[in-house]
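Participant: If you scroll down you'll find the structure; I have some questions about it.
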Amino acid sequence: MLTHYIEAFKTGSMKAHYNSQIDWVKDIGPTVETNIGFIETYRDYLGTKGEWECLVAIVNKERTAKFGALVNGAKDFITELPWDKSFEKDVFTPPDFTSLEVLTFAGSGCPAGINIPNYDKIRINIGFKNVSLGNVLSAKSGNEPITFVSEELQDLYNKYRVESFEVQVGIHELLGHGTGKLLMQTGENEFNFDIKNPPLGLDGKPVSTYYKLGETWGSLFGSLAGPYEECRAESVAMALVTNRKLLEIFGYKTKEEQDDVIYISYLSMCRAGLLAMEYYDPKNKKWGQPHCQARYAILKAYLDAGEGLVKLEYTKDDFSDLVITVDKSKIATVGQKSIEEYLQKLHVYKCSADVKAGSKFFIDQTTIPDEILKFRDVVLSKKLPRKQLVQANTFVKGDKVEVKEYEETELGMIESFAEREA
Ligand SMILES: [Zn+2]
């Protein structure tokens, strides 16, 4: 890979860069991940000119071990989910997912994940890497308050914010996207399920729909497929975050600690659902971001569960003091029941190719009613400016590599850039 890079940068050869990317894709799960080139075309209005980017990222070994344990225990966790084995694959195959920590991402911005190379021929014939950048996702300034969370909970929220997010991402990516069996016709008269005795659907009767030859999840559900599947994965995360064996894998051994992680997971999911409204266009009743639509759907499911599980509380007419409250004592009962019921529907509609009922169900759930939409303005008004990340540099001193980090100030930011040049 490096030899090809050197040739590409010395001669400008695209072919050499292309070849470097083949070697990069084939290098599976390295401890240090690096990629360089004119990669993404987002900033060119013609979508052709790639922008320079260079990243160095490192495997978080602790997190990788936890995710590995999650995959090993998948069989047991999956049986806890609200569907029987007729809607589940015989063998669990975890999706390709790596979580790294960025050391440096040089470019005009730093993404939360990368999915490259963009050379289509390589993607189709050899493959690509799907990498999440953990420390970008969890980055937060030390002095920014958490909006819509009450004063008393700020400390607890800050304490478990990153931890509960790690648990949620792990379940979402591995058990969320990794679960489910699509009922399919696989040949002229062949099916991957018993066509004479199909699995029972939500109404207790055998399902009557399935994926016919040539039909796929994407071709049937169209533009809803993305947000719908994100919602299913996110719901799996919420349904399993209360599983204490699973929390033990992530290092939470005491009941008290586990309760705190569960509580903050609920609170942060509901907060994400509220903030998500930014990406909703009230005029056309359309969503602009799949993950946001998914999180709003879950907030709505919890609100609809009633019994005081989740409340949006305020005293002022302009909602400027709006806070989300979660009743901790109702999580194991009302919360668990509501998310399982919601997830079961999403899952069965998807697996049985019931595009009619599934689409209606999901669109109804994510069309924001006036009594919630009224909070959209205050969500927008409290939106923070786009984050700037102060990045570390490394220096070779003798036979050692030293890491230098910078202050979370404007000066720190400038120093980091200046010393990177040196
Ligand atoms: Zn996802």
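Read the figures in this text as sums done on the coordinates, not as results from a lab. If you're wondering where the values come from, they're calculated on a predicted model, not measured in any experiment. All Cβ positions, even for glycine, are placed from backbone atoms using ideal geometry, and neighbour counts span all protein chains on display.
Participant: Can you list the residues, at least 5 places off or on another chain, whose amide H is less than 5 Å from the amide H of residue 35, using H built in the peptide plane?
Facilitator: For residue 35, whose amide H was placed from the backbone, the distant partners under 5 Å are 55.
Participant: Listed here are the pairs 121/383; 159/245; 159/285; which of them are more than 30 Å apart at the Cα?
Facilitator: 121/383; 159/285
Participant: If a paramagnetic tag sat 7 Å from the Cα of residue 80 along the Cα-Cβ line, which residues of region 340-361 would have the backbone N under 20 Å from that point?
Facilitator: 340-348
Participant: Loop only per DSSP, at most 12 neighbouring Cβ atoms within 10 Å: give me the chymotrypsin sites (Phe, Trp or Tyr not before Pro) in region 33-112, ordered by residue number.
Facilitator: 42, 45
Participant: Quick check on the chain: take the gyration tensor over C-alpha atoms, sort the square-rooted eigenvalues as a ≥ b ≥ c, and tell me if it's rounded (a/c under 1.5), prolate or oblate.
Facilitator: Cα axes put the chain in the oblate bin.
Participant: Return the long-range amide H neighbours of residue 191 (sequence gap of 5 or more, or a different chain), with a cut-off of under 5 Å between placed amide H atoms.
Facilitator: Those qualifying (amide H under 5 Å, at least 5 residues apart or on another chain) are 186.
Participant: For region 265-422, how big is the tail of P(r) above 26 Å, as a whole percent of Cα pairs?
Facilitator: 47
Participant: Using r as the Cβ-Cβ distance of residue 418 and residue 313, and R0 as 30 Å, what FRET efficiency do you calculate, to the nearest 0.05?
Facilitator: Efficiency, from the Cβ-Cβ distance: 0.05.
Participant: So, with +1 on the Cβ of K and R and -1 on the Cβ of D and E, and no other charges, what is the size of the charge dipole of region 332-384 about its Cα centre, to the nearest 20 debye?
Facilitator: Approximately 180 debye in magnitude.
Participant: Another question about this same structure. Label region 291-340 by shape, choosing from rounded, prolate and oblate, from the square roots a ≥ b ≥ c of the eigenvalues of the Cα gyration tensor; if a/c is under 1.5 it is rounded, and otherwise prolate applies when a/b is larger than b/c, oblate when it is not.
Facilitator: In terms of gyration-tensor shape, oblate.
Participant: If I take R0 = 35 Å and measure r between the Cβ atoms of residue 106 and residue 289 in this structure, what FRET efficiency does the formula 1/(1 + (r/R0)^6) give, to the nearest 0.05?
Facilitator: 0.85
Participant: Each residue of region 159-165 in turn: what ³J(HN,Hα) in whole Hz from Karplus with 6.51, -1.76, 1.60 and θ = phi - 60°, glycine and Pro shown as x?
Facilitator: For region 159-165, the Karplus-derived couplings read 5, 10, 4, 5, 4, 5, 5 Hz, x marking Gly and Pro.
Participant: For a quick check of your reading of the filter: which trypsin sites (Lys or Arg not before Pro) in region 4-77 sit in a DSSP loop and have no more than 14 other Cβ atoms within 10 Å?
Facilitator: Hits after loop and neighbour filter: 43, 49.
Participant: Right, next: How high is the FRET efficiency between residue 387 and residue 190 when r is their beta carbon distance and R₀ equals 35 Å, given to the nearest 0.05?
Facilitator: FRET efficiency, residue 387 to residue 190: 0.10.
Participant: Length gain on complete extension for the stretch residue 254 to residue 27, per 0.36 nm per residue less the alpha carbon to alpha carbon distance?
Facilitator: 77.8 nm
Participant: Positive end of the charge dipole of the chain (Lys, Arg +1 and Asp, Glu -1 on Cβ, about the Cα centre): tell me which of 117, 308, 147 has its Cα farthest that way.
Facilitator: 117
Participant: Right, another one. What would the Debye equation give as log₁₀ I(q)/I(0) for region 349-411 at q = 0.16, 0.28 Å⁻¹, counting only Cα atoms as equal point scatterers?
Facilitator: -0.76, -1.10
Participant: In whole Hz, with x marking every Gly and Pro, tabulate ³J(HN,Hα) for region 117-124 from phi via Karplus 6.51 cos²θ - 1.76 cosθ + 1.60, θ = phi - 60°.
Facilitator: x, 8, 5, 4, 4, 5, 4, 6
Participant: Going by amide H atoms built from the backbone, whose H comes under 5 Å of the H on residue 113, apart from near neighbours?
Facilitator: 133
Participant: Gain in length, residue 328 to residue 208, computed as 0.36 nm per residue apart minus the alpha-carbon separation, to one decimal in nm?
Facilitator: Taking 0.36 nm per residue and subtracting the Cα distance, the gain is 39.2 nm.
Participant: Mind listing the phi-derived Karplus ³J(HN,Hα) values for region 86-96, rounded to whole Hz, using 6.51, -1.76 and 1.60 with θ = phi - 60°, and x for any glycine or proline?
Facilitator: For region 86-96, the Karplus-derived couplings read 5, 9, 10, 5, 5, 10, 6, 10, x, x, 5 Hz, x marking Gly and Pro.
Participant: How far apart, in nm, are the 7 Å Cα→Cβ label points at residue 54 and residue 15?
Facilitator: Reported label-point gap for residue 54 and residue 15 is 2.6 nm.
Participant: So which trypsin sites (Lys or Arg not before Pro) in region 308-342 pass both tests, a DSSP loop state and at most 14 other Cβ atoms within 10 Å of the Cβ?
Facilitator: Answer by residue number: 316.
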